[in-house]
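Participant: Below you will find the structure I want to go over with you.
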């Protein structure tokens, strides 16, 4: 898959270095993936939570941070919609947020 907004991840882990390894691992996994549905995403990342047909929430750094990604499976694109702390995640609507 092509990941849109990798620079957002880099910027985030520069402010939160403890998230770097998890975000790099997520990026490498997603870039190499050929997922066709959120079910396939969840099989690859069992702790991920499917929010709807296109959005998935990932726990980063043991759940200290959250990453929301919208997938366009037909075009094989993953759009980073939100990355933030658990507290920031609690203040947003995960189904509509489009931070980037």
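The values are calculated or read from the model by the stated rules, or taken from the named source; none is laboratory data. This is a predicted model, so every value here is computed, not measured. All Cβ positions, even for glycine, are placed from backbone atoms using ideal geometry, and neighbour counts span all protein chains on display.
Participant: How many residues are exposed (fewer than 13 other Cβ atoms within 10 Å of the Cβ) and either at pLDDT 95 or above or touching a strand residue (DSSP E or B) at 6+ places or on another chain (Cβ under 8 Å) (or both) when one looks only at the range 53-76?
Facilitator: So in the range 53-76, the residues exposed (fewer than 13 other Cβ atoms within 10 Å of the Cβ) come out as 53, 62-63, 74-75.
Within this subset, residues satisfying the condition of being either at pLDDT 95 or above or touching a strand residue (DSSP E or B) at 6+ places or on another chain (Cβ under 8 Å) (or both) are 74-75.
So the answer is 2.
Participant: For the range 17-52, how many residues are assigned to a loop (DSSP other than H, G, I, E, B), touching a helix residue (DSSP H, G or I) at 6+ places or on another chain (Cβ under 9 Å) and surrounded by 12 or more Cβ atoms within 10 Å (Cβ to Cβ)?
Facilitator: 5
Participant: Any residue in the range 77-93 that is part of a loop (DSSP other than H, G, I, E, B) and either within 11 Å of the chain's Cα centre (by Cα) or surrounded by 17 or more Cβ atoms within 10 Å (Cβ to Cβ) (or both)?
Facilitator: Kept after step one, since they are part of a loop (DSSP other than H, G, I, E, B), are these residues of the range 77-93: 91-93.
So of that shortlist, the ones also either within 11 Å of the chain's Cα centre (by Cα) or surrounded by 17 or more Cβ atoms within 10 Å (Cβ to Cβ) (or both) come out as none.
No.
Participant: If you take the residues in the range 53-68 that are part of a strand (DSSP E or B) and without any contact (Cβ under 8 Å) to a residue 40 or more places away in the chain, which one is farthest from residue 12 (Cα to Cα)?
Facilitator: As a first pass, look at the range 53-68 and keep what is part of a strand (DSSP E or B): 55-60, 65-68.
Next, only the ones that are without any contact (Cβ under 8 Å) to a residue 40 or more places away in the chain stay: 56-59, 66, 68.
Numbers: 56: 19, 57: 16, 58: 15, 59: 14, 66: 11, 68: 13 Å.
It comes out as 56.
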